[in-house]
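Below is one structure. I have some questions about it.
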Amino acid sequence: MNRAATGLAGYRRGLAAERLAAWALRFKGWRIVARRVRPPRGSGAGEIDLVARRRKVLAFVEIKARPSAAEGLFAIDPRQRRRLLRAAEWFIKCHPEYSGHDLRFDAVVVSPGRWPRHLPDAWRAET
């Protein structure tokens with residue numbers, strides 16, 4: 001498989017993982033309020049896979065397609081966490097209706113043949 005085909009396969013696998021993760025979160029009572037949130041280029045912020053809300057909690061969700069939850073969390077390195085924090089700050093500025101919500105960072109690990117694993121409050125923003 002050439003490089004372009006490998007990249008396309010990974011992209012499709014990621015989209016499928018995002019659909020499964022969103023479905024699993026909805027099943028647990030979460031409402032998906034945004035998908036694939038992309039702050040402006042040059043902002044130093046990363047893409048947020050999902051933004052989900054349940055009652056007064058707003059979760060910024062990173063989705064990883066990995067064989068295990070540990071590998072999924074390991075794949076979210078400190079640099080990516082900082083970029084996600086900047087993206088979350090940008091999202092709240094653009095959507096002040098969520099400013100009174102409790103904010104957290106969750107992860108969902110999607111593994112072949114298994115139910116997506118939701119890891120609530122997977123990491124804390126470093127201040």
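If only one of Ala69, Ala65, Ala21, Ala34 is touching a residue at least 40 places away in the same chain (Cβ under 8 Å), over 21 Å from Ala9 (Cα atoms) and under 13 Å from the mean Cα position of the chain (by Cα), which one is it?
Details: Ala69 fails: under 13 Å from the mean Cα position of the chain (by Cα); Ala65 fails: over 21 Å from Ala9 (Cα atoms); Ala21 fails: over 21 Å from Ala9 (Cα atoms).
Going through Ala69, Ala65, Ala21, Ala34 in turn, the sole match is Ala34.
What number of residues in region 22-59 are in contact with a helix residue (DSSP H, G or I) (Cβ under 9 Å, 6 or more places away or on another chain) and either surrounded by fewer than 20 Cβ atoms within 10 Å (Cβ to Cβ) or of a type in the set (Val, Ile, Thr) (or both)? Show your work before the answer.
Taking region 22-59 and keeping what is in contact with a helix residue (DSSP H, G or I) (Cβ under 9 Å, 6 or more places away or on another chain), we get 30-40, 43-54, 58-59.
Then drop every residue that is not either surrounded by fewer than 20 Cβ atoms within 10 Å (Cβ to Cβ) or of a type in the set (Val, Ile, Thr) (or both), which leaves 31-38, 40, 43-44, 47-48, 51, 53-54.
Of the residues in that region, 16 qualify.
Would you confirm whether any residue within region 97-117 is in a helix (DSSP H, G or I) and loosely packed, with under 13 Cβ neighbours inside 10 Å?
So the first thing to find is which residues in region 97-117 are in a helix (DSSP H, G or I), and the list is 97-98.
Those left that are additionally loosely packed, with under 13 Cβ neighbours inside 10 Å: 97.
For region 97-117, residues in a helix (DSSP H, G or I) and loosely packed, with under 13 Cβ neighbours inside 10 Å: present.
Would you check if there is a residue in region 84-95 being touching a residue at least 12 places away in the same chain (Cβ under 8 Å) and surrounded by fewer than 13 Cβ atoms within 10 Å (Cβ to Cβ)?
No, region 84-95 has no match at all.
Among the candidates Arg13, Arg19, which residue alone is over 18 Å from Trp123 (Cβ atoms), surrounded by fewer than 20 Cβ atoms within 10 Å (Cβ to Cβ) and at pLDDT below 90? Before you say what the answer is, go through the steps one by one.
Details: Arg19 fails: at pLDDT below 90.
That would be Arg13, the only listed residue that is over 18 Å from Trp123 (Cβ atoms), surrounded by fewer than 20 Cβ atoms within 10 Å (Cβ to Cβ) and at pLDDT below 90.
The values are calculated or read from the model by the stated rules, or taken from the named source; none is laboratory data. All values derive from a computational prediction rather than experimental measurement. Cβ sites come from the backbone with ideal geometry, for glycine too, and all protein chains shown count toward neighbours.
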